[in-house]
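This report refers to the structure that appears directly beneath it.
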Amino acid sequence: MTMKSSPLSSLLRPQLAQLDAYVPHAAPEGCVRMDANESPPLDAAITEAILRSADGVRLERYPDARATRLREAVASWARCAPSQLVLGTGSDEPIALLLSTLSQPKPGRARAVCLVPTPTFVMYRVSALTAGLDVEGVPLDERWDLDVDAMVAAIDRHDPNVLFLASPNNPTANRYSDDRVARVIDACRDRCLVVLDEAYAPFSGRDYADTMAPHPHVARLGTLSKIGLAALRVGWAILPELLAHEIDKARQPFNVDAVAQAMAAFALEAHTDALRANARAIAARRDALARELSSIDGLRVFESDANFLWMDVGRDAGPVFDALLAQGVLVRSFHRAGPRLASLLRVTVSTEAHHERLVTALREAVR
Ligand SMILES: Cc1ncc(COP(=O)(O)O)c(C=O)c1O
């Protein structure tokens, strides 16, 4: 029975009709996965040590509700105070928490608004609609940078509660220019929360830690998912302290499980340097792959500050995606995401061996 025919369908938020459940593309046996912006496995000895670090977990007990040890480890990794952190199941959960708590409509408005540049990470829209906010998008400029005039006009017109800036952005891979981010932050002063999503910052070598202090309306998001620890589902929001205190009231007390707390804390405490070095190595492989792909006729590879590449294949990306998959390489195509993205593919940086397979398959696919 579909919910349309259910007697309870009238109880559902109508915004759900605009959404589809997230279903990752099936990866056939033996297929190289370069579609989800994960990282290749960490060094085998480090992986082994991280797995063993959960040995003492008491399975009959609830986890530490404040995740005290992990909180300290994340604070030192992300350069913030432990009291500024709201920890979550990936950063997806803090995103949802921010939107459900900062959802009070402004005076004279029926619903609160979440503003995003487009294209960007899809979960902002999913979580905003689910929490009952309206979502307004402002197209990025021709270089996928912020169109500041359009952003400021949209801030004035829609008076949003929350604005998300993923920088580096997914799927466009670039870090927005600093002066543009600064102008958008200024335009939001005393009006809305600006959330700087740093999921891919480890690959750009820079974060926004120094931007928050002078701006009490700015937050940051971080995650372990992109640096080799996606299975743990550990992410966080770094917030002005008062806001962190309020938003933490809405968090489920045991949202980060005990195994994830133990392994993530250990990884950050014992292997910080290895995690950072691994991110730098991925960035170096990314640049080498970008050079190689740029030499293929008809491909345009955009500059990347992340662990993936954003490229224009100069034709409908759908058949190129299919041809790559037929050769055992799964990437992400945006050909269904509107005319502007019809020829664009997103490819996650991986191992040298995977890169060779991709390059061979892509040469073939765009011949
Ligand atoms: C920009 C951005 N933010 C946040 C996330 C969420 O990651 P996670 O929930 O795994 O921490 C992603 C995942 O792809 C992302 O691309």
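The values are calculated or read from the model by the stated rules, or taken from the named source; none is laboratory data. All of these numbers come straight from a predicted model, not from anything done at the bench. Cβ sites come from the backbone with ideal geometry, for glycine too, and all protein chains shown count toward neighbours.
If the condition is being away from the ligand (no atom under 16 Å from the Cβ) and farther than 22 Å from residue 206 by Cβ, then segment 62-99 contributes 62, 63, 64, 65, 66, 68, 69, 71, 72, 82, 83.
The set of residues from segment 91-104 being over 12 Å from residue 250 (Cα atoms) and either free of Cβ contacts under 8 Å to residues at least 24 places away in the same chain or surrounded by 22 or more Cβ atoms within 10 Å (Cβ to Cβ) (or both) comprises 91, 95. In the list 66, 52, 71, 79, which residue meets the criterion of being in contact with a strand residue (DSSP E or B) (Cβ under 6 Å, 6 or more places away or on another chain), modelled with pLDDT of 95 or more and of a type in the set (D, E, K, R)? Criteria check complete, one pass: 71. Evaluating residue 202 against the criteria (1) modelled with pLDDT of 95 or more; (2) over 17 Å from the mean Cα position of the chain (by Cα); (3) part of a helix (DSSP H, G or I) leaves one unmet condition, (2). Would you confirm, using the coordinates I've provided, whether residue 124 is farther than 18 Å from residue 243 by Cα, within 16 Å of the ligand (Cβ to nearest atom), touching a residue at least 40 places away in the same chain (Cβ under 8 Å) and not β-branched (Val, Ile, Thr)? Judged against the criteria, residue 124 is a match. Mind checking whether some residue in segment 45-67 is in the same structural domain as residue 234 (by TED's automatic domain parsing), closer than 21 Å to residue 212 by Cα and not aliphatic (A, V, I, L, M)? There is no residue in segment 45-67 that is in the same structural domain as residue 234 (by TED's automatic domain parsing), closer than 21 Å to residue 212 by Cα and not aliphatic (A, V, I, L, M). For residue 118, state whether it is among the hydroxyl-bearing types (Ser, Thr, Tyr) and surrounded by fewer than 21 Cβ atoms within 10 Å (Cβ to Cβ). Judged against the criteria, residue 118 is a match. Here is a check on your reading of the model: is residue 326 exposed (fewer than 14 other Cβ atoms within 10 Å of the Cβ), over 28 Å from residue 29 (Cα atoms) and among the hydrophobic types (A, V, I, L, M, F, W, C)? It is false that residue 326 is exposed (fewer than 14 other Cβ atoms within 10 Å of the Cβ), over 28 Å from residue 29 (Cα atoms) and among the hydrophobic types (A, V, I, L, M, F, W, C). Checked against (1) away from the ligand (no atom under 16 Å from the Cβ); (2) closer than 21 Å to residue 284 by Cβ, residue 201 passes all but condition (1).
Looking only at residues in segment 35-90 that are of a type in the set (Lys, Arg), in a loop (DSSP other than H, G, I, E, B) and touching a residue at least 60 places away in the same chain (Cβ under 8 Å), which one is nearest to residue 170 (Cα to Cα)? Walk me through how you get there before you give the answer.
Quick first cut of segment 35-90, residues of a type in the set (Lys, Arg) only: 52, 58, 61, 66, 69, 71, 79.
Filter once more, so that each one left must be in a loop (DSSP other than H, G, I, E, B): 58, 61, 66, 79.
Now drop any that are not touching a residue at least 60 places away in the same chain (Cβ under 8 Å), which leaves 58, 61, 79.
Numbers: 58: 38, 61: 38, 79: 23 Å.
That would be 79.
Cβ separations smaller than 9 Å between residues 6+ apart or across chains give the following pairs from segment 4-16 residues that are surrounded by 10 or more Cβ atoms within 10 Å (Cβ to Cβ) to residues that are hydroxyl-bearing (Ser, Thr, Tyr) and not in a loop (DSSP other than H, G, I, E, B): 13/130; 15/130; 16/130.
Each residue in segment 178-227 was checked for being closer than 14 Å to residue 166 by Cα, out of contact with any Asp or Glu (no Cβ under 6 Å at 6 or more places or on another chain), among the acidic types (Asp, Glu) and surrounded by fewer than 21 Cβ atoms within 10 Å (Cβ to Cβ), and 1 of them qualify.
For segment 21-34, which positions are modelled with pLDDT of 90 or more and either closer than 25 Å to residue 131 by Cβ or not in a loop (DSSP other than H, G, I, E, B) (or both)?
Initially, segment 21-34 is screened for residues modelled with pLDDT of 90 or more, giving 31-34.
Of everything in segment 21-34, those that are modelled with pLDDT of 90 or more and either closer than 25 Å to residue 131 by Cβ or not in a loop (DSSP other than H, G, I, E, B) (or both) turn out to be 32, 33.
Could you check segment 152-193 and list, in sequence order, the residues that are at positive phi and either assigned to a strand (DSSP E or B) or touching a Phe, Trp or Tyr at 6+ places or on another chain (Cβ under 7 Å) (or both)? Break it down stepwise before answering.
As a first pass, look at segment 152-193 and keep what is at positive phi: 159, 173, 190.
Once the filter is applied, which keeps residues that are at positive phi and either assigned to a strand (DSSP E or B) or touching a Phe, Trp or Tyr at 6+ places or on another chain (Cβ under 7 Å) (or both), segment 152-193 yields only 173.
Whether any residue in segment 127-144 is acidic (Asp, Glu), in contact with a strand residue (DSSP E or B) (Cβ under 9 Å, 6 or more places away or on another chain) and over 30 Å from residue 268 (Cα atoms) is what I want to check. Checking segment 127-144: at least one residue is acidic (Asp, Glu), in contact with a strand residue (DSSP E or B) (Cβ under 9 Å, 6 or more places away or on another chain) and over 30 Å from residue 268 (Cα atoms). Under the condition of being hydrophobic (A, V, I, L, M, F, W, C) and crowded, with 22+ Cβ neighbours inside 10 Å, the residues counted in segment 228-254 number 7.
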